[in-house]
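Chemist: Quick one: the structure is below, and I'll ask about it shortly.
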Amino acid sequence: MKYFELTCTAYLKNDIPFKESFETLSKYISFSMIKNGKLKALHLGNGFKNYSFGGLLPPEKEKIYKAGNT
């Protein structure tokens, strides 16, 4: 089985509470997949998507990721 790991850098325009961070990332991934024909078909299909994602790093002590940070 082949697998790939993609590490991305994000610039935050708004504060994001830790509890909302995974939903925010999920929406951004969905938005990005819709922009590509093959990924759009995968995204809109019914079944396993065969990808996973983690949260923002490093974890913030205050549990809020601050706007303006990367």
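Chemist: Among the residues of region 20-29, is any among the hydrophobic types (A, V, I, L, M, F, W, C), more than 23 Å from ASN69 (Cβ to Cβ) and out of contact with any helix residue (DSSP H, G or I) (no Cβ under 7 Å at 6 or more places or on another chain)?
Modeler: no
Chemist: Out of the residues in region 1-11 that are exposed (fewer than 12 other Cβ atoms within 10 Å of the Cβ) and of a type outside the set (Val, Ile, Thr), state the one that is modelled with the highest pLDDT.
Modeler: TYR11
Yes/no per residue for (1) under 22 Å from LYS61 (Cα atoms); (2) part of a helix (DSSP H, G or I); (3) not β-branched (Val, Ile, Thr):
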| position | (1), (2), (3) |
| --- | --- |
| THR9 | yes, no, no |
| GLU20 | yes, yes, yes |
| LEU25 | yes, yes, yes |
| PHE31 | no, yes, yes |
| LYS40 | no, yes, yes |
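Chemist: Give me a count of the residues in region 12-62 that are exposed (fewer than 11 other Cβ atoms within 10 Å of the Cβ), over 30 Å from MET1 (Cα atoms) and charged (D, E, K, R).
Modeler: Adding up the residues that qualify gives 4.
The values are calculated or read from the model by the stated rules, or taken from the named source; none is laboratory data. Small disclaimer: the values here were computed from a predicted structure and weren't measured. Cβ coordinates were reconstructed from backbone atoms using ideal geometry, including for glycine residues, and neighbour counts include every protein chain displayed.
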